[in-house]
Amino acid sequence: MDSILVTGNGPLSGQIPIAGAKNACLTLMPATLLSEEPLTLTNAPRLSDIRTMTALLQSLGAEVTSLQNGQVLAMSSHDLNNHVADYDIVRKMRASNLVLGPMLARLGHAVVSLPGGCAIGARPMDLHIHGLEALGAEIELRDGYLHAKAPRGLKGAVVDFSFASVGATENVMMAATLAKGTTVLKNAAREPEIVDLATCLRKMGARIEGDGTSVITIEGVDRLNGATHPVVTDRIELGTYMLAPAIAGGEVECLGGRLDLVASFAAKLEQAGVTVTETGQGLKVTRKGGPIRAVDVTTEPFPGFPTDLQAQMMALLATAEGTSVLEERIFENRFMHAPELMRMGARIDVQGGTARVTGVEQLKGAPVMATDLRASVSLILAGLAAEGETVVSRVYHLDRGYEHVETKLQAVGAKIERIRG
Ligand code: EPZ
């Protein structure tokens, strides 16, 4: 198993290009199942999760061709020949459950393995099921698989989500595009990845309004056509690299970065004493000397502070002057990076969903272990500011969501390398 060696090396400077969003691409790819015509995605990220989704779609009979060094995905679902999403693929990646809605809408039936447990929380699918049943689907759990059918097709309905779930909004929105009549999603998630999906579906001929707000209206159509669509910028990768100069000092420009995608996060960075500037090419982050100030953070659905940047923000606050309070409100078990940061000398007191982080003068390099995707990169960020060497093991987690992390950080002066396992 690979690991990554990081040596604290002082301030950073230069540019880092930001890729297309993993979490947008993972919901855009299943949209191909809704149409017989080709769907092409450009600006696709090159990640192991994208390869897993590719394998899943191919197992259903879709064609998925990766072009231009993996940045273009040419897909066609003209000849689907299987409606079972197998446990062996689904257990590798939860987002596999996003094939349920599109398959049900297009084929009238689908069998999708329940993903099972996850390091950061229970992550049930009750809201997905609630939404699809409201559209008339009959769903039964058997042998760990959701068996869903809608022999007479889906029918538009009002769906009121008890929580603004990203995945449930995406699954039901896709299904509703081919339902008879109008669907209204209330308390829908507002994440930019949902706006990107709705934008692509509109290019395919879907009738969708209100994406980006908490009420989305979808008027069903008989069929969808093909399209070509660029994947939106990855706001979580963007936020992660904005934290690199914040924690190590210096100035880095994140190419392709957009402030509207990270506004609540950028506001917290500014509060902590870091400068964020919009440039013609992206976002520039500057920290020239001066301490990081403690700030309190609570994770919330978009446009609130993203849970996917909580671990990385904790690494920064571990070096701040004073005590910060971080509240994780989205997932019930998302502080597994805290004990690893404490191995580097951080002072963190976790009580349930609240972590009190008292900043220290200097973190110390140590061997640490990645437990999930965002935890892994928070340890790399901590290593950039630590004295000595940090070795992060189990970086397969990292490769799921970050392409070329070593090269991108080396380009701005970080001392970082991958140790092949
Ligand atoms: C998406 O997961 C992202 N994944 C996650 O990113 C992200 O953390 C999350 O949204 C929140 O922003 C992808 O887009 C592939 P949710 P998703 O449904 O759709 C509960 C990363 O690091 N819930 O909004 O699974 C659930 O348990 C990943 O890239 C139910 O109770 O998130 C959780 O506590 C990690 N029942 C909360 O809602 C349901 O049916 C948020 O989940 C669905 C969700």
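How many residues does the stretch 154-165 contain that are within 30 Å of Thr299 (Cβ to Cβ) and open to solvent by 10 Å² or more (accessible area, probe 1.4 Å)?
We begin by selecting, within the stretch 154-165, every residue within 30 Å of Thr299 (Cβ to Cβ); these are 158-165.
This time we only want the ones that are open to solvent by 10 Å² or more (accessible area, probe 1.4 Å), so: 158, 160, 162-165.
Going through the stretch 154-165 one residue at a time, the tally reaches 6.
So, Arg106, is that one farther than 20 Å from Thr307 by Cα, among the basic types (Lys, Arg) and not in a loop (DSSP other than H, G, I, E, B) or not?
Details: farther than 20 Å from Thr307 by Cα: yes; among the basic types (Lys, Arg): yes; not in a loop (DSSP other than H, G, I, E, B): yes.
Judged against the criteria, Arg106 is a match.
Take the residues of the stretch 102-126 that are more than 19 Å from the chain's Cα centre (by Cα) and within 12 Å of the ligand (Cβ to nearest atom): which is nearest to Glu193 (Cα to Cα)? Steps first, answer last, please.
At the first step, the residues of the stretch 102-126 found to be more than 19 Å from the chain's Cα centre (by Cα) are 102-114, 126.
With within 12 Å of the ligand (Cβ to nearest atom) added as a condition, the list becomes 114, 126.
Numbers: Leu114: 23, Asp126: 21 Å.
Looking at the filtered set, the residue picked out is Asp126.
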- Item | Unique residue being away from the ligand (no atom under 16 Å from the Cβ) and in contact with a strand residue (DSSP E or B) (Cβ under 8 Å, 6 or more places away or on another chain) when the list is Glu361, Glu327, Glu406, Glu332 | Glu406
- Quick one: how many residues across the stretch 388-421 are over 21 Å from the mean Cα position of the chain (by Cα) and assigned to a loop (DSSP other than H, G, I, E, B)? 7
- Message: So, in the stretch 261-274, how many residues would count as being polar (S, T, N, Q) and open to solvent by 50 Å² or more (accessible area, probe 1.4 Å)?
- Response: 1
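Every residue, every condition in (1) open to solvent by 20 Å² or more (accessible area, probe 1.4 Å); (2) more than 11 Å from the ligand (Cβ to nearest atom); (3) of a type in the set (S, T, N, Q); (4) assigned to a loop (DSSP other than H, G, I, E, B), yes or no:
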| site | (1), (2), (3), (4) |
| --- | --- |
| His128 | no, no, no, no |
| Ile139 | yes, yes, no, no |
| Leu146 | no, yes, no, no |
| Arg152 | yes, yes, no, yes |
| Thr169 | no, no, yes, no |
| Ala175 | no, yes, no, no |
- Message: Looking for something assigned to a loop (DSSP other than H, G, I, E, B) and away from the ligand (no atom under 15 Å from the Cβ) - is there at least one such residue anywhere in the stretch 179-198?
- Response: yes
- Message: Checking the condition away from the ligand (no atom under 16 Å from the Cβ), outside any loop (DSSP other than H, G, I, E, B), modelled with pLDDT of 95 or more and open to solvent by 40 Å² or more (accessible area, probe 1.4 Å), which residue from Thr277, Thr298 passes?
- Response: Thr277
- Residues of the stretch 227-244 that turn out to be within 14 Å of Gly20 (Cα to Cα) and not in a helix (DSSP H, G or I), as a count: 6
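Would you confirm, using the coordinates I've provided, whether Glu270 is out of contact with any Pro (no Cβ under 9 Å at 6 or more places or on another chain), outside any strand (DSSP E or B) and not small (Gly, Ala, Ser)? Steps first, please.
Working: out of contact with any Pro (no Cβ under 9 Å at 6 or more places or on another chain): yes; outside any strand (DSSP E or B): yes; not small (Gly, Ala, Ser): yes.
It is true that Glu270 is out of contact with any Pro (no Cβ under 9 Å at 6 or more places or on another chain), outside any strand (DSSP E or B) and not small (Gly, Ala, Ser).
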- Message: Residues that are of a type in the set (A, V, I, L, M), open to solvent by less than 20 Å² (accessible area, probe 1.4 Å) and free of Cβ contacts under 8 Å to residues at least 60 places away in the same chain: does the stretch 94-109 have at least one?
- Response: no
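The values are calculated or read from the model by the stated rules, or taken from the named source; none is laboratory data. Just so it is clear, the model here is predicted, and its values are computed rather than measured. All Cβ positions, glycine included, derive from the backbone under ideal geometry; neighbour counts span all protein chains shown. When the accessible area is computed, the model is the full protein with side chains, heavy atoms only, and any ligands, DNA or RNA have been set aside. Shrake-Rupley method; radii C 1.70, N 1.55, O 1.52, S 1.80 Å.
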